[in-house]
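Below is one structure, written out as structure tokens, with a few remarks after it.
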Amino acid sequence: MSLTFHWFLPTNGDSRHVVGGGHGTPATASGRDRPPTVAYLSQIARAAEDLGFVGALTPTGAWCEDAWLTTAMVSQHSERLKFLVAFRPGFVSPTLAAQMAATFQRQSGGRLLLNVVTGGESHEQRAYGDFLDKDARYRRTGEFLHIVRALWEGATVDLAGEHLRVEEARLARVPDPVPQVYFGGSSPVAGEVAARYADVYLTWGEPPAQVAEKIAWIRELAAEEGRTVRFGIRLHVITRDTSAQAWAEADRLLAGFDPQTVRSVQAGLARSESEGQRRMLALHGGSRDGLEIHPNLWAGIGLVRGGAGTALVGSHEEVAERIREYHALGIEEFVLSGYPHLEEAYWFGEGVLPRLAAQGLWHHPHTPRPQQAAQVPFAS
């Protein structure tokens with residue numbers, strides 16, 4: 001099976017430096033270097049689809065532009081790229097979300113994927129009028145996905161749950177195709193929801209041994225539900241012709257981290273309720289030392305950015321080898337990003353993907369496989 005690669009739309013702004021933000025922390029000033037205009041994001045989207053990325057993740061939260069609206073506009077300036085839209089189920093009714101997804105599929109030609117984000121930090125959730133605690137938010141997400149999936153199947157739904165209630169909910173037109181649901185979370189209740197409702201379980205870029213533990217955990221929970229789940233990983237990437245060039249770029253990014261910004265971001269993230277964020281922080285401990293936590297896996301991004309905080313750094317062959325290592329654990333989908341996102345998409349797409357293709361691990365999704373290529377006879 002060919003590996004699937006997704007890119008990232010930086011709706012919090014882009015730069016030749018790392019743009020921080022996420023998990024209750026604001027985007028850093030570098031996000032103003034390249035504002036997230038529809039024109040610029042469409043440039044990234046067109047480059048990604050040409051290079052062979054299947055989709056592009058858009059984040060959610062107060063630190064970035066709204067993902068639904070932005071991707072709807074960018075979809076009109078691209079042809080094939082799918083949009084992995086991150087959204088928080090507590091901010092919209094399940095019936096409306098199901099309807100929005102169906103509309104998006106029809107208007108975009110079936111290019112919607114959904115990344116369900118149960119909730120950021122409590123202080124950010126409260127700013128949006130959501131006062132549930134973390135575990136309650138996950139239970140609400142379970143009810144939300146139960147309703148949405150039933151509606152997508154054409155059912156009429158009546159549910160009086162702990163947090164959500166609908167009566168005679170039904171869609172006039174179901175989505176075709178039904179959007180795939182991506183879901184992440186490291187707490188016990190998150191695992192339960194993923195096992196019941198996720199198509200793809202996403203983990204942040206932890207070292208392979210920790211990723212293997214997560215995969216085994218979710219596989220067991222899904223098996224208890226009579227389901228199977230695919231697995232994906234979220235990473236940044238810095239890939240160059242040589243290892244020295246890649247690490248020089250990582251060092252350049254690190255040198256641009258203002259010490260006060262690092263302290264401020266780390267103090268904010270230390271208050272996080274997220275188990276996944278706690279695991280990310282533990283990889284670097286707020287220190288600039290010892291950031292290569294596994295061969296070619298660099299934790300420097302997490303010093304100034306919440307959420308995904310690790311990057312694959314190395315030569316094209318080294319990065320391809322790390323991808324093979326994660327794939328051997330069961331990872332099928334890779335959600336990648338890099339600063340700046342336009343240029344870094346080309347470094348990866350032209351440097352790493354051809355190597356994976358030569359090894360039979362990847363095929364460009366928009367070109368026929370060699371055995372399927374039409375045999376055109378010579379003209380007589």
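I'd like to verify a number: residues in the range 317-332 that are open to solvent by less than 10 Å² (accessible area, probe 1.4 Å) and either under 21 Å from ILE44 (Cα atoms) or under 18 Å from the mean Cα position of the chain (by Cα) (or both), how many?
The qualifying residues number 3.
For residues that are touching a Phe, Trp or Tyr at 6+ places or on another chain (Cβ under 9 Å) and outside any loop (DSSP other than H, G, I, E, B), scanning just the range 268-300, find the one that is surrounded by the most Cβ atoms within 10 Å (Cβ to Cβ).
Filtering the range 268-300 for residues that are touching a Phe, Trp or Tyr at 6+ places or on another chain (Cβ under 9 Å) and outside any loop (DSSP other than H, G, I, E, B), the one surrounded by the most Cβ atoms within 10 Å (Cβ to Cβ) comes out as TRP298.
Working only within the range 19-36, note down all residues that are polar (S, T, N, Q) and over 16 Å from PHE8 (Cβ atoms).
Passing the criteria: THR25, THR28.
Would you check if there is a residue in the range 59-72 being in contact with a helix residue (DSSP H, G or I) (Cβ under 8 Å, 6 or more places away or on another chain), of a type outside the set (Gly, Ala, Ser), without any contact (Cβ under 8 Å) to a residue 40 or more places away in the chain and crowded, with 17+ Cβ neighbours inside 10 Å?
Taking every residue of the range 59-72 in turn, at least one turns out to be in contact with a helix residue (DSSP H, G or I) (Cβ under 8 Å, 6 or more places away or on another chain), of a type outside the set (Gly, Ala, Ser), without any contact (Cβ under 8 Å) to a residue 40 or more places away in the chain and crowded, with 17+ Cβ neighbours inside 10 Å.
If a residue has to be over 21 Å from GLY55 (Cβ atoms) and either open to solvent by less than 60 Å² (accessible area, probe 1.4 Å) or touching a residue at least 12 places away in the same chain (Cβ under 8 Å) (or both) to count, how many in the range 225-237 make the cut?
The total comes to 2.
Take the conditions at pLDDT 95 or above, within 24 Å of GLU121 (Cα to Cα) and among the aliphatic types (A, V, I, L, M) and apply them to ALA67. Does it pass?
yes
Can you say whether GLU249 is within 25 Å of LEU353 (Cβ to Cβ), out of contact with any Ser or Thr (no Cβ under 6 Å at 6 or more places or on another chain) and of a type in the set (Asp, Glu), as far as the supplied structure shows? Working first, answer last.
Working: within 25 Å of LEU353 (Cβ to Cβ): yes; out of contact with any Ser or Thr (no Cβ under 6 Å at 6 or more places or on another chain): yes; of a type in the set (Asp, Glu): yes.
Yes: the conditions hold for GLU249.
Considering every residue within the range 311-332, establish whether at least one is touching a Leu at 6+ places or on another chain (Cβ under 7 Å) and acidic (Asp, Glu).
yes
Would you pick out the residues in the range 20-63 that are under 16 Å from the mean Cα position of the chain (by Cα) and β-branched (Val, Ile, Thr)?
Across the range 20-63, the qualifying residues are ILE44, VAL54, THR58, THR60.
Quick one: would you say LEU81 is within 17 Å of THR58 (Cα to Cα), crowded, with 23+ Cβ neighbours inside 10 Å and in contact with an Asp or Glu (Cβ under 8 Å, 6 or more places away or on another chain)?
Considered against the rule, which asks whether it is within 17 Å of THR58 (Cα to Cα), crowded, with 23+ Cβ neighbours inside 10 Å and in contact with an Asp or Glu (Cβ under 8 Å, 6 or more places away or on another chain), LEU81 comes out as yes.
Of all residues in the range 223-249, how many are assigned to a loop (DSSP other than H, G, I, E, B) and acidic (Asp, Glu)?
Here the count works out to 2.
Counting only residues that are farther than 30 Å from ALA357 by Cβ and modelled with pLDDT of 90 or more, which one in the range 12-28 is most open to solvent (accessible area, probe 1.4 Å)?
Restricting to residues being farther than 30 Å from ALA357 by Cβ and modelled with pLDDT of 90 or more, the top hit is HIS17.
Out of the residues in the range 171-186 that are open to solvent by less than 20 Å² (accessible area, probe 1.4 Å) and closer than 30 Å to ARG279 by Cα, state the one that is farthest from the chain's Cα centre (by Cα).
Filtering first and then ranking leaves PRO179.
Can we say PRO259 is within 25 Å of LEU3 (Cα to Cα), surrounded by fewer than 22 Cβ atoms within 10 Å (Cβ to Cβ) and either out of contact with any Cys (no Cβ under 9 Å at 6 or more places or on another chain) or not aromatic (Phe, Trp, Tyr) (or both)?
no
For the range 9-32, what are the residues that are in a strand (DSSP E or B) and out of contact with any Pro (no Cβ under 8 Å at 6 or more places or on another chain)?
GLY21, THR25
For a quick check of your reading of the model, give me the residue pairs whose first member lies in the range 320-349 and is at pLDDT 95 or above, whose second is open to solvent by 10 Å² or more (accessible area, probe 1.4 Å) and among the polar types (S, T, N, Q), with beta-carbon atoms closer than 8 Å and at least 6 apart or on different chains.
That search, which allows pairs on different chains as well, returns ALA320/GLN359; GLU321/ASN296; ARG322/ASN296; ARG324/GLN359; GLU332/THR4; GLU333/THR4; PHE334/THR4; LEU342/GLN43.
Could you say whether any residue in the range 72-82 is more than 16 Å from TYR128 (Cα to Cα), of a type outside the set (A, V, I, L, M) and part of a helix (DSSP H, G or I)?
Within the range 72-82 (the criterion being more than 16 Å from TYR128 (Cα to Cα), of a type outside the set (A, V, I, L, M) and part of a helix (DSSP H, G or I)), the answer is yes, since at least one residue qualifies.
Residues of the range 238-261 being within 14 Å of GLU318 (Cβ to Cβ), in contact (Cβ under 8 Å) with a residue 24 or more places away in the chain and of a type in the set (Gly, Ala, Ser), which ones?
Scanning the range 238-261 gives SER243, ALA246, ALA250.
Would you point out which residue out of GLU213, GLU220, GLU168, GLU162 is open to solvent by 30 Å² or more (accessible area, probe 1.4 Å), over 23 Å from PRO59 (Cα atoms), part of a strand (DSSP E or B) and at pLDDT 95 or above?
When all the criteria are applied, what remains is GLU168.
For ALA222, all conditions in the list (1) under 30 Å from ASP199 (Cβ atoms); (2) touching a residue at least 40 places away in the same chain (Cβ under 8 Å) hold save one; what is the number of the exception?
With respect to (1) under 30 Å from ASP199 (Cβ atoms); (2) touching a residue at least 40 places away in the same chain (Cβ under 8 Å), ALA222 is out only on (2).
The values are calculated or read from the model by the stated rules, or taken from the named source; none is laboratory data. These numbers were taken from a predicted model, which means no experiment stands behind them. When we count neighbours, we look across all protein chains shown, and the Cβ atoms used for this are built from the backbone with ideal geometry, even at glycine. Surface areas here come from the heavy atoms of the whole protein model, side chains and all, with no ligands, DNA or RNA. Shrake-Rupley method; radii C 1.70, N 1.55, O 1.52, S 1.80 Å.
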